[in-house]
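Here is the structure we will look at.
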Amino acid sequence: MTSVSHAPHSLPSYLNPDELGPWGIYLQQVDRVAPYLGSLSRWLETLKRPKRLLIVDVPIQMDNGTMAHFEGYRVQHNTSRGPGKGGVRFHQDVTLSEVMALSAWMSVKNAAVNLPFGGAKGGIRVDPRQLSVGELERITRRYTSEIGVIIGPTKDIPAPDVNTDERVMAWMMDTYSMNEGSTATGVVTGKPLALGGSLGRREATGRGVFTVGEAAANHLGLDIAQARLAVQGFGNVGAIAAQLFVEAGAKLVAVQDHSDTLYNPAGLNVAQLQAHVKSTGAIAGFASGESIKPAQFWEVDCDILIPAALEQQITEANAPKIRARMVIEGANGPTTPQADDILAERQILVIPDVMANAGGVTVSYFEWVQDFSSFFWSEEEINARLVKIMREAFAHIWQTAQTHQVSLRTATFIVACTRILQARQLRGLYP
Ligand code: GLU
């Protein structure tokens, strides 16, 4: 038998070693789990190579009659435990290595909360704010057609992510269904209710962030009713998480998005801020907070910090200045491994993305099950099941961290990678 290289960071040739970005972070996280996998580490290389990568050209006609070409991606990182699952991101900075990392984090996340899914992710390199509604619809439909060869209700199920929402999911579902010749509601999750969407899906990621935050606060002896909160990103995840913490008595003292950074030690009114963002699209111009410099956000005196925007926000540069007692990662990949180490040294607890933001995909799973059975559940039932899954998964990961004396991130990777590689081993190599 030819031997397989087990060298750390063996890179596929399509990646430029100097431009690894988030994929490089993911590889370091995988390396940290290797010593805890026993004989399963034989399969570890599997996790360092996405199973399937698709890059597509997405040409559309713009409103002014010209033609524009955009780059689209869908990466299926691993399907050992079930179909690929993960969102689609529209952002001007999307790259292949970013989508690769996001797809890998989906594999880990889905296994961490024990959903019967592998991991996948997609994206288009476009700033959707520059598109009209018609252009947005055309780019979504063309992209869906192009990735239609690898997605499907039992193959790979997209969902919302940064800058995609229910409306985009409705177009994706319709495009796939028209091409197939029959309505396939289960091909995407995060759909509008009228098209087989699930109650509670929109709030699910934020609710999951709150649920694990509550459980961790208990361990730390931190009273949420007295806690001060700082949130980066005020979209689907950050705004809902902030709302739930504030409903539990916490104060939102700082918030940051692409437009501004607002600070108010007396607490910002979350409902009013949500209404402001709904009408203007961003937090800038909200009257009741003081506008501070973006870098100052990380130095704000608070108890709980929730990065809920993009990757690589907490770095060596700002980690030494963070004053929170815990960081709950609503975003995917917001903390670099170097920053992780600094926070650990400073005894700031980090609840990693692959655990903290799993609430969204958990209710996506419920949506997919409901679509398959054409039987829909009440919101109470969905929220109760979500909270149960998040609490149990968090307790298991907390215990694993205690047993091995590792961070919650490495503990989550231990639990998840063990599950993925067990499935991999049981299935065996074929053909
Ligand atoms: N985009 C979300 C995430 O990063 C949800 C994915 C899904 O529901 O499939 O977890």
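Amide H contacts under 5 Å for PHE70: VAL58, ILE60, restricted to partners 5 or more places along the chain or on a different chain, H placed in the peptide plane at 1.01 Å from N.
Among the lysines of the chain, pairs at least eight places apart or on separate chains and with Cα atoms under 17 Å apart come to 15. The Cβ shell under 12 Å around VAL58 holds other residues with a net charge of +1, Lys and Arg each +1, Asp and Glu each -1. Projecting the Cα atoms of TRP43, GLN92, THR154 onto the dipole axis of the range 40-184, where Lys and Arg carry +1 and Asp and Glu carry -1 at the beta carbon, places TRP43 farthest toward the positive end.
Summarising the amide proton neighbourhood of LYS251: residues at separation of 5 or more, or on other chains, whose placed amide H is nearer than 5 Å comprise ALA227, ARG228, LEU229.
Solvent-accessible area per residue in the chain equals 41 Å², computed with a 1.4 angstrom probe and all protein chains kept. About the centre of its Cα atoms, the chain shows a dipole size close to 1080 debye [charges on the beta carbon of Lys, Arg (+1) and Asp, Glu (-1) only; nearest 20 debye].
Applying 0.36 nm per residue to the separation of GLN61 and GLN296 and subtracting their alpha-carbon distance, the gain on full extension is 80.4 nm. Rounded to whole Å, give me the distance from the Cα center of the range 71-124 to that of the range 252-290. Here the two parts' Cα centres lie 31 Å apart.
In order along the range 217-233, phi translates into HN-Hα couplings of 4, 4, 5, 7, x, 9, 8, 4, 5, 9, 6, 9, 10, 10, 10, 9, x Hz, rounded to whole numbers, per the Karplus curve 6.51 cos²θ - 1.76 cosθ + 1.60 with θ = phi - 60° and x for Gly and Pro. Distance between the pseudo-spin-label points of ARG323 and SER279 (7 Å out from Cα toward the beta carbon): 3.3 nm. For the range 33-67 versus the range 156-209, the spacing of their alpha-carbon centroids is 21 Å. Of the solvent-accessible surface of the chain, computed with a 1.4 Å probe over protein heavy atoms with every protein chain present, carbon and sulfur atoms account for 51 percent. In sequence order, the range 274-282 has phi-based couplings of 4, 5, 4, 5, 4, 7, 10, x, 7 Hz under the Karplus curve 6.51 cos²θ - 1.76 cosθ + 1.60, θ = phi - 60°, and Gly or Pro positions carry x.
Fully extending the segment from THR183 to SER378 would add 67.8 nm, taking 0.36 nm per residue of separation and subtracting the current Cα-Cα distance.
Per-residue ellipticity at 222 nm, computed for the chain from helices alone with -39500 (n - 2.57) per DSSP H run of at least four residues, works out to -13500 deg cm²/dmol.
Projecting the Cα atoms of GLN232, ALA324, ILE382 onto the dipole axis of the chain, where Lys and Arg carry +1 and Asp and Glu carry -1 at the beta carbon, places ILE382 farthest toward the positive end. Charged side chains reduced to their Cβ positions (Lys and Arg at +1, Asp and Glu at -1) give the range 1-146 a dipole of some 680 debye around its Cα centre. Projected onto its three principal axes, the C-alpha set of the range 234-300 covers 28, 25, 20 Å, listed from the longest axis down.
Here the 3J(HN,Hα) profile of the range 336-344, calculated from phi with Karplus coefficients 6.51, -1.76 and 1.60 at θ = phi - 60°, is 6, x, 5, 5, 3, 5, 5, 5, 4 Hz, Gly and Pro shown as x.
The values are calculated or read from the model by the stated rules, or taken from the named source; none is laboratory data. Just so it is clear, the model here is predicted, and its values are computed rather than measured. With ideal geometry, Cβ positions are generated from the backbone for all residues, glycine too; neighbour counts draw on all protein chains shown. Heavy atoms of the whole protein, side chains included, go into the accessibility calculation; ligands, DNA and RNA do not. Shrake-Rupley method; radii C 1.70, N 1.55, O 1.52, S 1.80 Å.
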